[in-house]
Amino acid sequence: MTTQLPRPALLAIVGVIAVIGLFFVTRRGGEEPVPDSPAPSQTAQPTDPSASTPEAPAQKNATQDKTAAPSADAGERGSQGLPSRVAKALDAEKTVVVLFWNRSGVDDRSVKKSVDRLSRRSGQVAKFTDTVKNLSRYTRITSAANVNTTPALVVVNRRGQAEVLAGYSDFQTINQFVSNASRRK
């Protein structure tokens, strides 16, 4: 003798199984949840103008720079809180673009390709990329900018004001972001 479950009970069981299946498909083991949409760009205005300007970096940056992790240009240290190439670009009053990215992230690789495509605008824009593990090497520009995810694009205008574009952005958005920073005087 076989008994059938009522139709509402069967639908409830199928619904519970579907919800559990959806949970396991969307859940990434051990990782923090990623927001569905990219975070809006953040404009960071330093409370202490000397913290992000090339002329007067903060005193604590000197000790942080000495303990920074090595990277491709580990031999090139800036005076305080920046790799020397980035410091030279800021001192030359160029618009500086720094991408912090993770090689294994799909969005990160896409944003890196977009940054690689950016025009240098007759030498007025300097582009740099680095992994997030080397973030401590850039305290001179990230002290006022909130970089807490990858990809994170930090754009510093000629006046030394840093802005962050966090999360995925397409080439047109990145290009416009850099163009706006280049026009600010």
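Side notes on the structure shown:
- Scanning segment 5-40 for residues that are at pLDDT below 75 and among the small types (Gly, Ala, Ser) gives 29, 30, 37, 39.
- Qualifying positions in segment 127-142 - not in a helix (DSSP H, G or I) and not basic (Lys, Arg): 128, 129, 130, 131
- Enumeration of residues in segment 144-185 that are part of a helix (DSSP H, G or I) and of a type in the set (A, V, I, L, M, F, W, C): 171, 174, 177, 178, 181
- Residue check, residue 91 within 17 Å of the chain's Cα centre (by Cα) and acidic (Asp, Glu): no
- Members of segment 86-109 found to be of a type in the set (Lys, Arg) and part of a loop (DSSP other than H, G, I, E, B), listed by number: 94, 103
- Filtered residues of segment 107-128 (kept if closer than 14 Å to residue 165 by Cβ and of a type in the set (S, T, N, Q)): 110, 114
- Among the residues of segment 159-173, the ones that are under 16 Å from residue 89 (Cα atoms) and either among the β-branched types (Val, Ile, Thr) or crowded, with 17+ Cβ neighbours inside 10 Å (or both) come to 3 in all.
- Test: residue in segment 118-132 that is closer than 22 Å to residue 85 by Cβ, of a type in the set (A, V, I, L, M, F, W, C) and buried (at least 20 other Cβ atoms within 10 Å of the Cβ): no
- Residue match in segment 110-126 (condition: assigned to a loop (DSSP other than H, G, I, E, B), under 14 Å from the mean Cα position of the chain (by Cα) and not polar (S, T, N, Q)): no
The values are calculated or read from the model by the stated rules, or taken from the named source; none is laboratory data. Given the structure is predicted, the values throughout are model-derived calculations rather than measurements. Backbone-built Cβ (ideal geometry, glycine too); neighbour counts: all protein chains shown.
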